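The values are calculated or read from the model by the stated rules, or taken from the named source; none is laboratory data. Everything numeric here is computed off the predicted structure, so don't read it as measured data. Counting neighbours? That spans all protein chains shown, and the Cβs are built from the backbone with ideal geometry, glycine included. Just so you know, the surface numbers come from the protein's heavy atoms only, side chains and all, with ligands and any DNA or RNA stripped out. Shrake-Rupley method; radii C 1.70, N 1.55, O 1.52, S 1.80 Å.
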Amino acid sequence: KAGVTQTPRYLIKTRGQQVTLSCSPISGHRSVSWYQQTPGQGLQFLFEYFSETQRNKGNFPGRFSGRQFSNSRSEMNVSTLELGDSALYLCASSPGTSGSEQYFGPGTRLTVT
Amino acid sequence: GENVEQHPSTLSVQEGDSAVIKCTYSDSASNYFPWYKQELGKGPQLIIDIRSNVGEKKDQRIAVTLNKTAKHFSLHITETQPEDSAVYFCAASRPNAGGTSYGKLTFGQGTILTVHP
């Protein structure tokens, strides 16, 4: 099976812009979670979706949002970008219904200038 | 919320030695504990996980132990090889409010493991 794919892999944006990142889960996986990884804060949970519904949410401001489509593909959006949003954004998919046993994609490296 | 502390932050061993990484967690409701290996330029890779109804789990050279009373769990790698060199993360998860999901993982800060040939 193909792994989790994320597009784009690299992105450079300017402060104040918005960005949309895409994630395609492993075939058959219905749960998708998103994480932000930075050197200072480590891996931090953003949100989790299952069957197009958000099941879990982390402690990020409302500028960070996501959604999931009926084919389980997911997108996350960040509006009004700040320099501190520069990070590796990771998507993970999970088989079954519990959301555990997460398999990560390679991430999207976002740089905000 | 949950807090996961991981030690040590760096670990250097000789090939063939054992390596042990330890994590403690704060939320007694957490009952799913995965370990991930992250190589440069890649996403984290799930290497082993354990649930709270099990005290130990082994998979070839890798084992994880869990002490729920003390709220700590450990990763043990035996017969280390240079290809084991990577950053290792522990994580913990509890059910969401609806009891339907363990999808929110709280990660430790990571351990950089270097295995010298």
Exercise. Quote the accessible area belonging to B:H72 in square angstrom, nearest 10, computed with a 1.4 Å probe and with ligands, DNA and RNA left uncounted.
Key: 70 Å²
Quiz item: Just in region A:10-101: which GluC sites (Glu not before Pro) are loop by DSSP and have at most 16 other Cβ atoms within 10 Å?
Solution: A:E52, A:E82
Quiz item: Around A:N71, what is the net charge, scoring Lys/Arg as +1 and Asp/Glu as -1 over all other residues with Cβ under 11 Å from its Cβ?
Solution: +1
Practice problem: Order these peptides, B:30-41, A:16-27, by their mean beta-carbon neighbour count within 10 angstrom, highest first. | Solution: B:30-41, A:16-27
Quiz item: Between A:L83, A:T20, A:S51, whose Cα lies farthest towards the positive end of the dipole of region A:1-91 when Lys and Arg beta carbons carry +1 and Asp and Glu beta carbons carry -1, centred on the Cα centre?
Solution: A:S51
Quiz item: Ordering A:H29, B:H7 by how much accessible area each has at a 1.4 Å probe, largest first, what is the list?
Solution: B:H7, A:H29
Quiz item: Can you tell which of B:G55, B:G16, B:G43 shows the greatest fluctuation in a Gaussian network model of chain B with Cα springs below 10 Å?
Solution: B:G43
Quiz item: Using Cα pairs under 8 angstrom and six or more residues apart, how large is the relative contact order of chain B, in percent?
Solution: 36 percent
Practice problem: Using DSSP, restrict attention to beta bridges with both residues in the protein assembly as shown and report what percent are antiparallel, rounded to the nearest 5. | Solution: 90 percent
Quiz item: For B:59-68, what's the mean count of beta carbons from other chains sitting within 10 Å of each residue's beta carbon?
Solution: 0
Quiz item: Out of B:V87, B:V54, B:V64, any idea which swings most in a Gaussian network model of chain B, alpha carbons joined below 10 Å?
Solution: B:V54
Quiz item: Per-residue mean of other chain beta-carbon atoms within 10 angstrom of the beta-carbon, peptide A:92-103?
Solution: 5
Exercise. Find the relative contact order for chain A and round it to a whole percent, using C-alpha pairs within less than 8 Å whose residues are 6+ positions apart.
Key: 36 percent
Quiz item: At B:N67 and A:Q41, where each label point lies 7 Å from the Cα along Cα→Cβ, what is the point-to-point distance in nanometres?
Solution: 3.3 nm
Quiz item: Distance in nm between label sites at B:S26 and A:R67, each 7 Å beyond Cα in the beta-carbon direction?
Solution: 3.5 nm
